[in-house]
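The values are calculated or read from the model by the stated rules, or taken from the named source; none is laboratory data. Please read these numbers as outputs of a predicted model, since none were measured by experiment. Reconstructed Cβ throughout: ideal geometry from the backbone, glycine too, with neighbour counts over all protein chains shown. To get the accessible areas, we keep the full protein, side chains included, count just its heavy atoms, and leave off ligands, DNA and RNA. Shrake-Rupley method; radii C 1.70, N 1.55, O 1.52, S 1.80 Å.
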Amino acid sequence: MPLHFEVVTLFPELVRQHLRFGVVGRALERGLAWVGTVDPRDFTHDVHRTVDDRPYGGGPGMVMKPGPLAAALEAARARAPAGVPVVYLSAQGRPFGQGTAARLSASPGAVLLAGRYEGVDQRLVEAAVDEEWSIGDYVLSGGELPALVVIDAAVRLLPGALGDEASAAQESFAEGLLDWPHYTRPETWQGRAVPAVLAGGNHAAIARWRLKEALGRTWRRRPELIERRGLSEEERGLLEEYCAEASLAPPRRV
Ligand code: 9D3
């Protein structure tokens, strides 16, 4: 069964348009994944198709009404595989990361609730939401881009989504590290040469250089990733070499 998402959103066109392109577009075309949309406006009963209302207690902004959302979530759930979780994308949620993406990719899918305005009525969250995820500590104007981020991160992990060489290589080598620097032709551009090791054909030397650069960059820019992941003996040696060459303090042995 394809990885199945249903996105509950006031802007189904925003979601649909994005999904036409690139790796995700191709995966959907090939049937590896499925994304449906459900618009809560289609579950209103008044002439204005009202989905929001003023907050109890006063204050600025509007709140999404629980009724149309509950009906939309039920319709979304009915289309999705049995048992998939309802995930509310919200700035108050648990951080969404690569681990969550990998688990989701290996699951039947999810119903993703994208909010607008100040958010959704809390009673709807308590009654109908299983999980709440944030994509980072910055303020967005709605949950659609986060829903697309979640779909992108999960779908590209599906077997066959990337092409086999890319995925196979990605798994083992330099996992949990930032990427190494990339270069293409010309060999010299505006007086800057490509690192000599890459232009030579020594594949073992190239692999060693890439791992060393990935380790060095990660240690400089995101040292907490190194602490979290740990280092093999070979990696520790390469990183010590990088730090010595860059006059940087290496990580302390633990
Ligand atoms: C009173 C402050 N509000 C706005 C300034 C809070 C607020 C309401 C609605 C903040 C963000 C949003 C809309 N954001 C999302 O729907 C959202 C989100 C995000 O803003 N950051 C990171 N992850 C996510 S997931 C959904």
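In table form, for the structure just shown:
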| read-out | value |
| --- | --- |
| Virtual spin-label span in nm between F11 and N202, 7 Å along Cα→Cβ | 5.2 |
| Share, in percent, of DSSP beta bridges within the chain that are antiparallel, nearest 5 | 15 |
| As computed over segment 1-134, the Cα convex hull volume per residue (Å³) | 121 |
| Per-residue [θ]222 nm for the chain (sum of -39500 (n - 2.57) over DSSP H runs n ≥ 4, rounded to 500) | -12500 deg cm²/dmol |
| Residue-normalised accessible area of the chain, given per residue in Å² at a 1.4 Å probe | 60 |
| Span-like helix ranges in the chain, DSSP H, alpha carbon extent 15 angstrom or more, Kyte mean at least 1.6 | 144-155 |
| Gaussian network model of the chain, springs between alpha carbon atoms under 10 Å - residue of Q122, Q190, Q17 with greatest fluctuation | Q190 |
| Förster radius 41 Å - calculated FRET efficiency between R229 and M62 (Cβ-Cβ, nearest 0.05) | 0.40 |
| Sequence of F21, F5 when ordered by accessible area, the most exposed leading, probe 1.4 angstrom | F21, F5 |
| Choice from S90, S232, S107 showing the highest fluctuation, given a GNM over the chain with Cα pairs closer than 10 Å | S232 |
| Separation of the E131 and A106 label points, Cα + 7 Å toward Cβ, nm | 1.3 |
| Of all accessible heavy-atom area on segment 174-223, the percent that carbon and sulfur account for (1.4 Å) | 49 |
| Taking the C-alpha atoms of the chain, convex hull volume expressed per residue in Å³ | 203 |
